[in-house]
Ligand code: GLN
Ligand code: MG
Ligand code: MG
Ligand code: MG
């Protein structure tokens with residue numbers, strides 16, 4: 001038993017913890033949880049906890065189903081929404097095969113591997129997500145078949161006496177109580193739409209934080225008798241929910257993206273990182289935008305990016321270089337605007353980082369920054385400027401990903417195959433479904 005494990009065991013004792021939940025994530029980013037009696041925790045640290053991996057999406061095949069959960073003691077937290085008396089706690093887990101080696105099918109392991117590669121190149125990767133989501137009256141629909149938002153506010157609106165204000169206050173307090181620092185929270189463009197921005201942390205911690213964040217937001221909403229959804233595009237006529245993520249690479253204490261005097265104060269490393277992301281974005285879009293519905297956001301307006309472009313403070317670009325003060329070189333970073341709030345954060349950050357690092361390794365050239373609003377250009381103008389489209393549907397995205405050496409390398413064969421299998425199934429279920437759109441559009445005239 002090491003020191004962190006000892007600390008956990010002691011806290012369980014002192015706080016009279018009643019349940020210890022072991023958390024992990026399946027290939028499409030659903031949180032999985034098993035509750036452990038406190039007496040079992042020491043054994044789980046030593047030998048792992050056995051479970052049936054073949055019942056978890058993308059984890060293992062039926063003939064090699066035994067897997068082990070190894071709790072990560074550095075992620076131990078009391079869960080405040082379960083109360084303070086005989087509290088419930090949780091730890092994130094790594095997944096091991098029965099011989100004790102890390103499972104190649106574990107998303108968290110995929111990200112750890114990618115971060116180790118960054119470390120080999122001398123980099124630590126920091127991330128800061130802006131998570132958008134909708135607050136609805138419930139998970140039920142109105143007579144016309146639409147979800148019912150809790151208010152009709154818009155961007156930065158202060159809705160007097162609104163449910164959303166109360167909600168944000170409770171959610172932020174709850175997030176801080178589980179050790180997640182929040183930088184901003186505000187009403188977003190759509191009715192009932194909100195955004196909460198988490199303080200930067202290393203990429204693994206951010207991915208863990210996002211999994212916790214989704215649970216906290218859903219729990220707080222339930223406590224208030226409302227419903228929170230991270231669905232990428234719940235309303236045809238309102239903005240979708242993105243999860244813009246800011247990335248920076250540090251070499252020791254130095255921000256490797258900053259170079260005073262350069263264009264936008266971007267270092268060569270930053271330029272190559274952006275070039276890598278732009279070059280490979282179509283290949284990894286199936287990961288950052290993994291659902292049929294994700295493409296309704298990407299192609300449905302509402303400030304979502306649909307073409308390859310980067311720009312300084314340009315909100316139509318896929319990659320944006322935010323403004324920062326000249327004496328704030330340490331805050332140099334780039335923002336990826338393509339990813340949505342329903343992505344598996346471990347896999348999405350792995351492919352984004354993998355693409356950026358590839359750009360650095362291969363010395364990719366960065367095209368010119370987009371000065372214009374990319375949405376208002378004609379197709380011919382966009383083509384001339386190299387602003388090629390992102391995949392138009394989950395089907396297109398799968399087809400591009402299938403041929404990607406980079407994505408296969410970053411995910412590893414097992415995750416690559418099981419992810420694609422899952423997504424092909426989703427696409428064929430969608431393709432054979434006759435939707436209300438078709439009935440409304442065709443039945444009366446055909
Ligand atoms: N909701 C938009 C998106 O889907 C972003 C809007 C914004 O943050 N300005 O990306
Ligand atoms: Mg924002
Ligand atoms: Mg926003
Ligand atoms: Mg943003």
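Tabulated data for the structure shown
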{"item": "Residue-span extension gain [residue 402 to residue 160] - 0.36 nm each, minus C-alpha spacing", "result": "82.2 nm"}
{"item": "Segment 247-405 - Kirkwood radius from inverse mean 1/r over Cα pairs (Å)", "result": "16.0 Å"}
{"item": "Relative packing of 215-226, 101-112, which averages over residues the other C-beta atoms within 10 Å, highest first", "result": "101-112, 215-226"}
{"item": "Residue order, fewest to most beta carbons within 10 Å, for 23, 375, 310", "result": "375, 23, 310"}
{"item": "Dimensionless Rg/Rh of segment 1-160 - Kirkwood Rh, Rg from C-alpha atoms", "result": "1.07"}
{"item": "Share antiparallel - DSSP beta bridges, the chain, percent rounded to 5", "result": "85 percent"}
{"item": "For segment 19-65: span of alpha carbons on each principal axis (Å, largest first)", "result": "30, 22, 12"}
{"item": "Isotropic mean projected area of the C-alpha convex hull, segment 190-308 (nm²)", "result": "9.4 nm²"}
{"item": "Proportion of all alpha-carbon pairs of segment 143-222 beyond 18 Å (%)", "result": "44 percent"}
{"item": "Overall form of segment 348-445 per C-alpha gyration tensor (a/c, 1.5; a/b vs b/c)", "result": "oblate"}
{"item": "Where N is the number of residues in segment 295-344, Cα Rg divided by 2.2 N^0.38 Å", "result": "1.30"}
{"item": "Whether the chain is rounded, prolate or oblate, judged on the alpha carbon gyration tensor where a/c under 1.5 counts as rounded", "result": "rounded"}
{"item": "Protection proxy ranking, peptides 140-150, 160-170, average beta carbon neighbours within 10 Å, highest first", "result": "160-170, 140-150"}
{"item": "Peptides ranked, highest mean first, by Cβ atoms within 10 Å: ranges 88-94, 238-244, 5-11", "result": "238-244, 88-94, 5-11"}
{"item": "Segment 96-209: C-alpha pair distances exceeding 24 Å, %", "result": "47 percent"}
{"item": "Relative contact order for the chain, counting Cα pairs under 8 Å that sit 6 or more residues apart, in percent", "result": "15 percent"}
{"item": "Whole-number percent relative contact order across segment 208-339, with pairs defined as alpha carbons under 8 Å at least 6 apart", "result": "28 percent"}
{"item": "Contour excess over end-to-end distance, with Cα ends at residue 303 and residue 260 and 0.36 nm allotted per residue", "result": "12.4 nm"}
{"item": "Gain upon complete extension [residue 417, residue 431; 0.36 nm per residue less C-alpha separation]", "result": "2.9 nm"}
{"item": "Segment 304-381 shape via C-alpha gyration tensor axes, a/c threshold 1.5", "result": "rounded"}
{"item": "Sequence-separation-based contact order of segment 77-220, relative, with Cα cut under 8 Å and 6+ spacing, percent", "result": "25 percent"}
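Here, each number is a calculation from the coordinates, and none is a lab measurement. What you are looking at is a predicted structure, and each value in this text was computed from that prediction instead of being measured. All Cβ positions, glycine included, derive from the backbone under ideal geometry; neighbour counts span all protein chains shown.
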